[in-house]
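Student: Have a look at this one before I ask anything.
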């Protein structure tokens, strides 16, 4: 079905825009619809579903997953006609497999279908930028022979069953589209098809990268361990795998570690060997992290093999739950993937955008900076910041201390225009986690 989203505020790096795209009805009885998370990285927006190009119903976000999709829900009692959910295939796509992309044209003129084939399976190629919206990491995605003119959709087999989600992701320097295997999402999809919301999705606060077996000795892995690792990977291959897919199974290295204050249990440069009693030979071997709070892993660190306890975090912990608009600037808590970009989280107040012609624009209250003080008083969180803002008088300058992602500190003098650019404090309601309340300070 069609899904329409309107993002009035650039929260969590999402662009301010309206979009219409294809949503995947996974449970018609419960009204669950799967949508790309990059189109809706925050719940501070307007969502609606469209039936038969004429009936538009409101919807709300109810679930979000680390692999780039979210689930919205509409009121099924308002739908009179029949609605049917999709069916999923059990086949796992391999290189050179044929498939069909199905979705909506980007201009909204109608559906489109493109026959194509899988050319490669590997991680997303791109760079993080804090102004970009959420994109999944630590997952092998499908790259296809032919791109599609649809923003979002599904990959279908000859019987019309869904093989993968076709999702857009914002990478530098452009928006790219890749496929995410349904087999990676089976535990969550099985619950959703039953009309039950899965437990909150979790993830590792690190970014992983593949390392070829011929290069792992640079990171301290011995030749004997490399040979043993190859044998273990061969013995643990699934019965559907072939020798053609075996060379794709490499070592996994920790490329980046989050700069948050919570311990990650891993260090940059670690080589992952085992998760529990199972060898880690590809990204899909780490899918246990979506449901477990702690992972017992075997790693090679500083040329020494050791066992470490690795905690996971809920994906919602990096969702913006509070937004403040001050002098035309929009301020948010740090959101993902900001902890992988900054040297340190210098405060819980991050400047994400400002309006043209506002005091924030005129006095250079720069975006991509942390606010750490107002008039010489430290403001590490929004409560302390709003307390200092309430003390400001109209038509008088204030001193705002900023810290960049690289740790450079500077102070700007700003004269707030409290009449034309009011200070608004928006918070997510505790009892209704996907609803917001606004207060003028």
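Only the coordinates and a few stated rules stand behind these numbers; no lab work does. Note that the structure is predicted; figures quoted are calculated from it, not measured. So basically every Cβ, Gly included, is an ideal-geometry build from the backbone, and we count neighbours across all protein chains shown.
Student: Could you compute the FRET efficiency for residue 355 and residue 55, with r as their C-beta to C-beta distance and R0 at 51 Å, rounded to 0.05?
Tutor: According to the calculation, E is roughly 0.90.
Student: Scaled to the compact-protein estimate 2.2 N^0.38 Å, what is the alpha-carbon radius of gyration of the chain, rounded to two decimal places?
Tutor: 1.05
Student: In cubic angstrom, how much convex hull volume per residue do the alpha carbon atoms of the range 290-441 span?
Tutor: With only Cα atoms used, the range 290-441 gives 143 Å³ per residue.
Student: Between residue 46 and residue 429, what is the spin-label point distance in nm, taking each point 7 Å from the Cα along the Cα→C-beta axis?
Tutor: About 1.9 nm, to one decimal.
Student: Sequence gap at least 6, Cα distance under 8 Å: using those rules, report the relative contact order of the chain to the nearest whole percent.
Tutor: 11
Student: Against the longest alpha carbon principal axis of the chain, how many degrees, from 0 to 90 and to the nearest 10, is the axis of helix 223-235 turned?
Tutor: Between the helix axis and the principal axis of the chain, the angle is about 70 degrees.
Student: Which one, 202, 428, 355, has the greatest fluctuation when you compute a Gaussian network model over the chain with C-alpha springs under 10 angstrom?
Tutor: Among 202, 428, 355, the largest GNM mean-square fluctuation belongs to 355.
Student: For 96, 380, what's the fewest-to-most ordering of other Cβ within 10 Å of each Cβ?
Tutor: The most exposed by this proxy come first: 96, 380.
Student: Send over the Kirkwood Rh of the range 2-78, from the inverse of the averaged 1/r over different Cα pairs, rounded to one decimal Å.
Tutor: Kirkwood hydrodynamic radius for the range 2-78: 12.4 Å.
Student: When the chain is modelled as a GNM with alpha-carbon springs shorter than 10 Å, which of 116, 100, 304 fluctuates the most?
Tutor: Largest GNM mean-square fluctuation: 304.
Student: Continuing with this model, one more query. Per residue of the chain, what 222 nm ellipticity follows from adding -39500 (n - 2.57) for every DSSP H run with n ≥ 4, rounded to the nearest 500?
Tutor: That comes out to -2000 deg cm²/dmol.
Student: Tell me whether the range 379-434 comes out rounded, prolate or oblate; compute the Cα gyration tensor, take square roots of the eigenvalues as a ≥ b ≥ c, and use a/c under 1.5 as the rounded threshold.
Tutor: It is oblate, given that a/c is not under 1.5 and a/b is not larger than b/c.
Student: If neighbour count is taken as other Cβ atoms inside 10 Å, put 313, 55 in order from fewest to most.
Tutor: So the ranking, lowest neighbour count to highest, is 55, 313.
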